[in-house]
Number of protein chains: 2
Amino acid sequence: MRSTSARPRATIRDVAQAARVSPQTVSNVINAPDRVRPDTRTRVLAEIERVGYRPSTAARGLRHQRAGAVGIELNVSSGGGDVGALLVGQLTVRAPSYGVHLVPFADDEVFPMVEAYRDMVRRHLVDAFVFADTHSGDPRPGWLLEHEIPFASFGRPYSHPELTCWADVDGHAGLTLAVEHLVERGFETVAYLGWPLHLEDPAVAEDRHAGWVDATASLGVGGPSGTSDQELGAAVRAADALLDELGPGDAVACASDLLALGVLYAAAHRGLVVGTDLGVVGFDGSLLARRHGLTTVVQPFRDIADSLLGIVRDQLAGRPSPQAGHLLRPALAASATTDRTGTSTAYPQIPSLTRR
Amino acid sequence: MRSTSARPRATIRDVAQAARVSPQTVSNVINAPDRVRPDTRTRVLAEIERVGYRPSTAARGLRHQRAGAVGIELNVSSGGGDVGALLVGQLTVRAPSYGVHLVPFADDEVFPMVEAYRDMVRRHLVDAFVFADTHSGDPRPGWLLEHEIPFASFGRPYSHPELTCWADVDGHAGLTLAVEHLVERGFETVAYLGWPLHLEDPAVAEDRHAGWVDATASLGVGGPSGTSDQELGAAVRAADALLDELGPGDAVACASDLLALGVLYAAAHRGLVVGTDLGVVGFDGSLLARRHGLTTVVQPFRDIADSLLGIVRDQLAGRPSPQAGHLLRPALAASATTDRTGTSTAYPQIPSLTRR
DNA sequence: GTAGGCGATTTGAACGTTCCAATTTCGGCC
DNA sequence: GGCCGAAATTGGAACGTTCAAATCGCCTAC
């Protein structure tokens with residue numbers, strides 16, 4: 001049974017005493033090593049190592065009037081899908097490089113969300129925020145701006161086009177990658193399955209759609225297009241309608257991995273072998289894509305995390321805002337659904353099972 | 001452009017001055033309201049409200065020698081699946097009720113993980129840990145125990161059977177629920193698709209398997225069983241083999257939602273209408289289940305979060321460990337894959353598309 | 001020989017909170 | 001009116017760190 005003995009951990013004074021210098025010198029060794037003589041430095045460093053000293057985050061935060069933390073809202077109720085989880089993962093991995101840690105929080109479904117933001121700041125729990133699900137009526141950018149609380153958003157803050165504190169994936173470039181890849185693999189016509197424009201953030205839908213329009217136009221491989229909400233049932237129906245206008249050797253580029261999954265189902269229903277007969281490319285690089293062998297445009301979550309953390313770091317340092325937001329290039333991860341040799345396995349792969 | 005003006009936020013002294021009491025009295029109003037006269041209390045509370053005062057987490061942490069935070073390791077590289085994300089979500093939601101916040105962290109793939117744990121504690125970033133992916137060779141329980149660092153694990157710490165600082169879902173009860181539900185819906189034989197015992201944590205696999213064995217035995221509906229790794233391709237193959245021994249009106253209970261998805265595919269391949277002809281129940285309550293209309297045994301993540309946070313709270317308070325770990329009952333969420341009326345939609349629902 | 005300068009190091013104070021001990025206030029009682 | 005005990009409130013110190021200013025030691029120049 002563990003006790004809470006909690007013998008006090010080594011402090012800067014312990015190190016100082018053992019190294020026979022003042023606490024301030026130890027502090028300097030850590031924060032401004034060039035201000036201390038080399039021999040002193042090595043002596044202190046040895047002592048730090050010996051006792052396993054680490055500066056107390058709380059004491060530092062108190063002294064600096066800074067929490068050294070970035071808040072991130074998890075929208076738990078909506079489940080979030082795994083895109084949010086992947087972003088949180090990369091933010092977690094990258095945060096230490098920016099000298100901060102992450103503090104996730106969630107609304108308790110009773111208060112308006114800004115209350116939670118306000119509280120976090122007042123309690124000095126965090127210095128800034130990052131969030132991932134901006135939408136047009138979002139009160140947060142305006143509110144944070146008004147209260148001079150630093151933040152960065154993944155996705156352009158729709159309500160404040162003048163802001164530059166955002167990072168976003170370049171959907172246009174992503175769909176260009178998708179179309180180019182499909183053409184390279186020898187697919188003839190590239191159709192598109194996207195989102196309707198009445199969604200919360202039509203900018204994303206437009207961006208990706210435009211990428212498909214431009215890329216297919218310049219390569220002369222344009223085909224029909226359809227739209228569906230981000231829901232599997234709707235996606236299957238929309239994909240089914242789309243496939244009416246397509247034949248073997250054609251392909252569909254999609255605005256999301258979930259929509260692409262809908263295409264896989266609609267194709268399986270028609271007995272089309274995805275990969276060989278029909279190319280399918282999704283968007284997001286989600287777990288779903290990996291699981292189903294879906295070729296997908298992977299969101300550069302690591303770069304996104306770096307951008308977002310860099311933005312809040314600069315804001316906290318008082319540096320001027322950049323000229324523009326960060327538009328990051330996604331990458332294409334080829335997999336079974338564009339593999340014309342049929343050696344890799346896409347799921348659902350109903351026809352291939354039949355052939356065994 | 002936002003500046004870092006950061007005008008100082010209200011402190012306890014500001015409140016004290018405005019309410020014409022000492023800072024200590026304000027502190028009492030917050031931490032021991034019964035020690036202060038009612039009229040003074042209301043006066044102080046009004047002032048707290050007016051200036052929007054909140055105690056500084058850093059100052060409190062420094063004074064109490066306690067971070068008020070619980071660390072949670074995210075295993076980013078493995079992607080985690082959404083089970084991990086759901087747990088993190090509920091931990092985030094519930095943490096405030098325990099007076100703590102969450103601090104996620106991840107290994108940077110170079111240090112052994114315990115280094116990261118050690119560092120978090122030394123820096124006073126967290127007081128305790130929660131983790132979610134114990135396995136047999138896991139060094140963490142032993143190490144944390146040895147260093148007297150409080151922790152709670154989701155899943156029994158395999159290496160230390162004597163420990164009680166864990167919460168786990170009752171897989172046996174979950175599969176009993178699944179089998180009972182299938183029988184209630186009129187399915188005749190209930191087969192099982194589980195994990196092989198050479199997995200990292202065979203206890204989970206055994207637990208769920210035993211639940212199926214006992215429940216089918218007592219109801220007299222036992223059928224064949226198979227195993228597959230937690231991977232879609234393998235699951236489809238195992239499910240296909242299993243279906244060789246089943247006919248219309250039978251059902252499959254699975255150890256996870258992903259395995260259940262494999263059954264859906266194998267069934268679709270054979271033209272079986274899932275729900276009507278074949279019952280399928282998954283396990284986890286993952287997003288995948290929701291997306292595919294899968295009847296599933298839902299992990300009680302909220303209860304799990306409460307158990308884990310309660311365990312570390314008690315440990316930090318020096319309370320003795322409980323007699324046993326917390327075994328939590330899951331719940332069954334019925335959906336399309338056990339809906340014999342065929343009114344709801346399961347995906348993949350290839351046959352129903354055909355019939356339209 | 002001493003003033004001046006420079007780099008290395010130390011001292012003192014403060015960040016906001018709460019514990020502990022000391023002090024004041026209050027109501028009741030003789 | 002004065003005294004007692006309990007309740008309410010206050011002052012001082014400390015948690016661990018770092019900033020700003022002061023001090024120390026050493027060297028050079030006059």
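Read-outs: derived from the displayed coordinates by stated rules, not from any lab. Since the model is a prediction, treat every value here as computed from it, not as a measurement. Here Cβ is always computed from backbone atoms with ideal geometry, including for glycine, and neighbour counts include all displayed protein chains.
Each Lys and Arg contributes +1 and each Asp and Glu -1, all at the Cβ; summed about the Cα centre of chain B, the dipole is approximately 2560 debye. Give the Debye-formula value of log10 I(q)/I(0) at each listed q (0.12, 0.15, 0.16, 0.18 Å⁻¹), with one equal scatterer per alpha carbon of the stretch B:81-161, two decimals each. Here the Debye-derived log intensity ratios amount to -0.36, -0.58, -0.66, -0.85. What value does chain A have for Rg/Rh, both radii from Cα atoms and Rh as Kirkwood defines it? Rg divided by Rh gives 1.11.
Counting Cβ atoms of other protein chains within 10 Å of each residue's Cβ and taking the mean over peptide B:233-240 gives 2. If you run the Gaussian network model on chain B, springs between alpha carbon atoms under 10 Å, then out of B:Ser153, B:Ser27, B:Ser228 the most flexible one is B:Ser27.
With only Cα atoms counted, the protein assembly as shown has Rg and Dmax values of 28.0, 85 Å. Dipole magnitude for the stretch B:36-194: computed about the Cα centre from +1 point charges on Lys and Arg Cβ and -1 point charges on Asp and Glu Cβ, it is near 1220 debye. Between identical copies, the spacing of A:Arg9 label points, each set 7 Å from Cα toward the C-beta atom, reads 2.3 nm from nearest to farthest. The protection proxy used here, the mean number of other Cβ atoms lying within 10 Å of each residue, ranks peptides B:52-60, A:314-322, A:154-162 as follows, highest first: B:52-60, A:154-162, A:314-322. For the segment A:84-94, counting C-beta atoms of other chains within 10 Å of every residue's C-beta and taking the mean gives 6. Expressed in units of 2.2 N^0.38 Å, where N is the residue count, the Cα radius of gyration of the stretch A:174-272 is 0.98.
Highest average first, the peptides A:137-149, A:263-275 ordered by how many other beta carbon atoms sit within 10 Å of their residues are A:263-275, A:137-149. Taking the inverse of the mean 1/r over every pair of distinct Cα atoms in the stretch B:32-78 gives a Kirkwood hydrodynamic radius of 14.0 Å.
Enter the per residue convex hull volume of the stretch A:249-356, computed from alpha-carbon coordinates, in Å³ rounded to the nearest integer. Numbers along the way, then the final one.
Details: hull volume 10.3 nm³, N = 108.
Once divided by residue count, the hull of the stretch A:249-356 is 96 Å³.
Report summary: the helix-based calculation at 222 nm, which adds -39500 (n - 2.57) for every DSSP H run with n ≥ 4 and divides by the residues of the protein assembly as shown, gives -13500 deg cm²/dmol.
Please compute the average number of Cβ atoms from other chains found within 10 Å of each residue's Cβ in peptide A:119-128. Could the numbers behind the result be given before it?
Numbers: counts 3, 3, 2, 9, 10, 9, 7, 2, 2, 0.
Average neighbour count from other chains, rounded to a whole number: 5.
In this label model, B:Arg63 and B:Ala217 are separated by 6.0 nm, measuring between points 7 Å along each Cα→Cβ vector.
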